[in-house]
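*Asks:* Right, I'll just put the structure down here and ask away after.
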Amino acid sequence: MLSKLQVLNLSHNHLSGNISSFGEMPALSTVDISYNQLEGPLPKNKAFQNFAALRNNKGLCGNVAGLSPCGEPKPKPSGQSQRIKRFLIIFLPLAILLLVLVGASYIFYRVATKRKGKNEEASQEEVYFVGSLEKEISCQDIIKATEEFDDKYLIGRGSQGSVYIAELPRGDVYAVKKLHSIPSGEIFNQKAFTSEIRALTEIKHRNIVKLHGFYSNSQFSILVYEFLEGGSLNNILKNEKQATEFDWNKRVNAVKGVANALFHMHHGCSIPIVHRDISSKNILLSSEYEEAHIIDFGTAKFLNPDSNNMTTFAGTFGYAAPEIAFVMQANEKCDVYSFGVLTLEIIMGTHPAELILSLADRSTTDHDLLKDVLDSRLSPIRKPVLDEVILIAKIAFSCLKDNPRSRPTMEQVSKELEKPPKSHSEDQFHTITIGQLMRD
């Protein structure tokens, strides 16, 4: 049926097989079968003069320039070359693997020897960075700056460690917590050390102290933080001059900063984190008291959604939620209660222990005026900060409810603080009672 076909173009068609059937087309004179996967000999009764029409095929052969002659035997490898090839295939990879293992073992040996030598000599070479890599801090720099942790550089002391100020030669200033150790040389509370590192590595927020690094050896363990010149909220409120400088606007900002930080910890991290020890000792202020920062995450706990998160008691008496005494369970509402206590302390200027005890007595709270419990060391409160203080007091009392489920979340608190507060006249302010705020 193709006996009269003269021109055939089958190029670029991914054809395979041989072309012996071309011999059954006697009139065929022009053929293009390039760029296929054809193979085998060219038909003997056809003259393929143009190699371009045959190129880029799998294995055509024939008497055309550019093609291999058909029937040319392929040289067989000798027995010796086969043995060499087999040797290279089998033994060369094994030899390379052996060299890699030997090299790796040597490297691990050198590293282990070096590490052992460091421990034996109690060398202090470097802080392992976890929060900031833009500045190099060596442990030796810290030791030199504090004269081996001399008491004259001591700026605070807590249950877990002592805090020193370290000013490095280039002018950078850091706060360094040196954890207490026991006679055996071990850290007094290794769990607190690792908890703080893990929490501050996870949390990145402007109202949470920044951890620059940490270091631990057989002699001591330290944590290196940013230095906040304002000092602790607890000390500020106890100092007449500092408490006066910590005015109403700054106190409102401090409450909002702590609320935002706790909101981020509870709802903005990949795993919710509860601090479990929110108190005025664990709040630091910037130099002008403009911004508050939460510190001391040694008791912080990551909440596991697949666990009941049972735990031992953690916190400071007077700030810890009442239920923690008999239900040893870590949850966000414990931080919410502590935030309520802290907020009242900020606007009252002192710890609200007596006020909290009186909250259950309606006859008392209905007669106690809000203006009478606010810090009297400050100038009389005026608008617009007056409305914000009233809102803050109302939120604080809602956080102190006995039933944890009745307390707001820190997300609700943070969003409430962002809204414009309800407006009150100064006359209205002078008549607002604590009982009224608790019911609103």
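The values are calculated or read from the model by the stated rules, or taken from the named source; none is laboratory data. Since the structure is predicted, the reported quantities are computational estimates derived from the model, not experimental observations. Ideal geometry is used to build each Cβ from the backbone, glycine not excepted, and the neighbour counts take in all protein chains shown. Surface accessibility is based on the protein's heavy atoms, side chains included, excluding ligands, DNA and RNA. Shrake-Rupley method; radii C 1.70, N 1.55, O 1.52, S 1.80 Å.
*Asks:* Would you please give the FRET efficiency between residue 403 and residue 247, computed as 1/(1 + (r/R0)^6) with r the Cβ-Cβ distance and R0 = 22 Å, to the nearest 0.05? Could the numbers behind the result be given before it?
*Replies:* Numbers: r = 35 Å, r/R0 = 1.59.
The value I calculate is 0.05.
*Asks:* Tell me, what is the FRET efficiency for residue 440 and residue 270 to the nearest 0.05, using R0 = 30 angstrom and their Cβ-Cβ distance as r?
*Replies:* On the way: r = 36 Å, r/R0 = 1.19.
The calculated FRET efficiency here is 0.25.
*Asks:* Could you give the accessible area per residue of the range 203-331, probe 1.4 Å, as a whole number in Å²? Could you put the intermediate results ahead of the total?
*Replies:* Working: 5360 Å² over 129 residues.
Per-residue accessible area for the range 203-331 comes out at 42 Å².
*Asks:* Between residue 428 and residue 290, what is the label-to-label distance in nm when each label sits 7 Å out along the Cα-to-Cβ direction?
*Replies:* 3.2
*Asks:* Here's a follow-up. Quick one: which of 152/241; 144/177; 152/178; 144/281 span more than 26 angstrom between C-alpha atoms?
*Replies:* 144/281
*Asks:* For labels at residue 303 and residue 30 in the simple 7 Å Cα→Cβ model, what's the distance in nm?
*Replies:* Simple spin-label model gives 8.2 nm for this pair.
*Asks:* So how far apart, in nm, are the two label points at residue 235 and residue 191 if each is 7 Å from Cα heading toward Cβ?
*Replies:* So the label points at residue 235 and residue 191 sit 3.0 nm apart.
*Asks:* May I pose another question? Find how much the distance from residue 206 to residue 418 grows on full extension, using 0.36 nm per residue of separation minus their present alpha carbon separation; answer in nm with one decimal.
*Replies:* On the way: separation 212, 0.36 × 212 = 76.32 nm, distance 1.68 nm.
Stretched fully, the residue 206-residue 418 segment lengthens by 74.6 nm.
*Asks:* Which order do the peptides 424-432, 331-339 come out in when sorted by mean C-beta neighbours inside 10 angstrom, highest first? Working shown, then result.
*Replies:* Working: 424-432: 13.1, 331-339: 24.8.
Averaged packing, sorted descending, gives the order 331-339, 424-432.
*Asks:* Grab the beta carbon distance between residue 154 and residue 96, set R0 = 60 Å, and tell me the FRET efficiency rounded to 0.05.
*Replies:* Once rounded, the FRET efficiency stands at 0.55.
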